[in-house]
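Report on one structure; see the data block that follows.
The values are calculated or read from the model by the stated rules, or taken from the named source; none is laboratory data. Values in this document were obtained by computation on a predicted structure and should not be read as measured data. Note: ideal-geometry Cβ built from the backbone for every residue, glycine included; neighbour counts use all protein chains shown.
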Amino acid sequence: MRAGAPGVSPLQVQPITVADAVTAELRRRLLLGLYAEGTQLRDTELAAEFGVARPTIRAAVATLVADGLLARGRGRSAEVRSFTARDAVDLYRLRRAIEGAAIADVIARRADLSGVRASAEAFSALTEATGWDVVADHDVAFHRAVMAASGSARLLRAFDMASAEHRLLIAILRPAYASVRELATEHQALFLALANGDPQVAAEAWSAHFDESERFLTTLITERAQ
């Protein structure tokens with residue numbers, strides 16, 4: 001048995017199951033908007049496409065249902081979540097509450113913003129060729145960094161619970177932005193408002209950010225329903 005390098009912990013490798021791989025691919029497709037809202041994902045068809053057993057597909061689907069990306073009724077195939085305007089308002093109501101509390105705490109505590117800054121810079125480094133699943137990752141990462149900076153484990157857990165739906169909404173929200181650069185610039189402005197240290201400036205920036213996103217999304221959902 002070979003000894004490892006002095007002072008270096010052995011690398012912990014987490015095995016990836018077939019179900020994990022299928023889950024990741026389905027999540028990628030959902031976040032790219034490759035499945036329309038309400039599209040049914042049948043176990044038999046997915047099993048044939050991926051070349052895996054149906055129980056593997058069921059395990060992957062169950063994970064995505066738990067994450068809020070798919071919905072599944074008793075005895076029915078899973079389908080891509082459909083959002084009503086009320087759903088969108090409800091989600092943003094939750095985000096306003098938890099992120100509003102977080103930014104107030106960050107400013108009051110003069111918390112370290114290095115993680116938020118790094119997330120904003122990583123977002124700004126994206127190019128127009130970046131896939132929207134990666135854009136979604138960076139959007140969530142920025143807001144999660146703010147939650148982490150607040151130092152509240154409960155606020156962070158609340159954000160994590162809503163983040164899967166948030167990520168799916170980003171995929172739907174894409175037409176609201178002319179480019180990846182526009183979305184990155186908007187988040188850079190949020191960081192600057194937070195770094196300013198004035199609670200009112202930060203609160204107004206976040207409110208405007210949520211107002212714009214919520215207004216567009218509710219209008220889009222209403223138009224699609226007609």
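I'd like to verify a number: residues in region 188-212 that are part of a helix (DSSP H, G or I), surrounded by fewer than 20 Cβ atoms within 10 Å (Cβ to Cβ), at pLDDT 95 or above and of a type outside the set (Gly, Ala, Ser), how many?
6
Mind checking which pairs have a first residue in region 29-46 that is closer than 18 Å to ALA164 by Cα and touching a residue at least 60 places away in the same chain (Cβ under 8 Å) and a second that is of a type in the set (Gly, Ala, Ser) and surrounded by 15 or more Cβ atoms within 10 Å (Cβ to Cβ), Cβ under 8 Å, 6 or more apart or different chains?
LEU30/ALA171; LEU31/ALA136; LEU31/ALA171; LEU32/ALA171; GLY33/ALA171
Table: residues versus (1) touching a Lys or Arg at 6+ places or on another chain (Cβ under 6 Å); (2) among the hydrophobic types (A, V, I, L, M, F, W, C); (3) modelled with pLDDT under 85.
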{"position": "LEU32", "(1), (2), (3)": "no, yes, yes"}
{"position": "THR39", "(1), (2), (3)": "no, no, no"}
{"position": "LEU46", "(1), (2), (3)": "no, yes, no"}
{"position": "ALA62", "(1), (2), (3)": "no, yes, no"}
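ARG76 - would you say it is assigned to a helix (DSSP H, G or I) and of a type outside the set (Val, Ile, Thr)?
Spelling it out, it is not the case that ARG76 is assigned to a helix (DSSP H, G or I) and of a type outside the set (Val, Ile, Thr).
Suppose we keep only residues that are free of Cβ contacts under 8 Å to residues at least 40 places away in the same chain and part of a helix (DSSP H, G or I) within region 61-73. Which one would you say is surrounded by the fewest Cβ atoms within 10 Å (Cβ to Cβ)?
By that ranking, first place goes to ALA66.
Could you pull out the residue among LEU94, LEU183 that is of a type in the set (A, V, I, L, M, F, W, C), within 15 Å of the chain's Cα centre (by Cα), assigned to a helix (DSSP H, G or I) and surrounded by fewer than 18 Cβ atoms within 10 Å (Cβ to Cβ)?
Values: LEU183 fails: surrounded by fewer than 18 Cβ atoms within 10 Å (Cβ to Cβ).
Going through LEU94, LEU183 in turn, just one is of a type in the set (A, V, I, L, M, F, W, C), within 15 Å of the chain's Cα centre (by Cα), assigned to a helix (DSSP H, G or I) and surrounded by fewer than 18 Cβ atoms within 10 Å (Cβ to Cβ): LEU94.
Select, from ARG181, ARG154, ARG144, ARG215, the only residue that is more than 17 Å from LEU94 (Cα to Cα) and assigned by TED's automatic domain parsing to the domain that holds ASP90.
ARG181
Criterion first (in contact with a helix residue (DSSP H, G or I) (Cβ under 8 Å, 6 or more places away or on another chain) and over 16 Å from ILE172 (Cβ atoms)) does VAL106 satisfy it? Please lay out each step first, then the result.
Values: in contact with a helix residue (DSSP H, G or I) (Cβ under 8 Å, 6 or more places away or on another chain): yes; over 16 Å from ILE172 (Cβ atoms): yes.
The answer is yes for VAL106.
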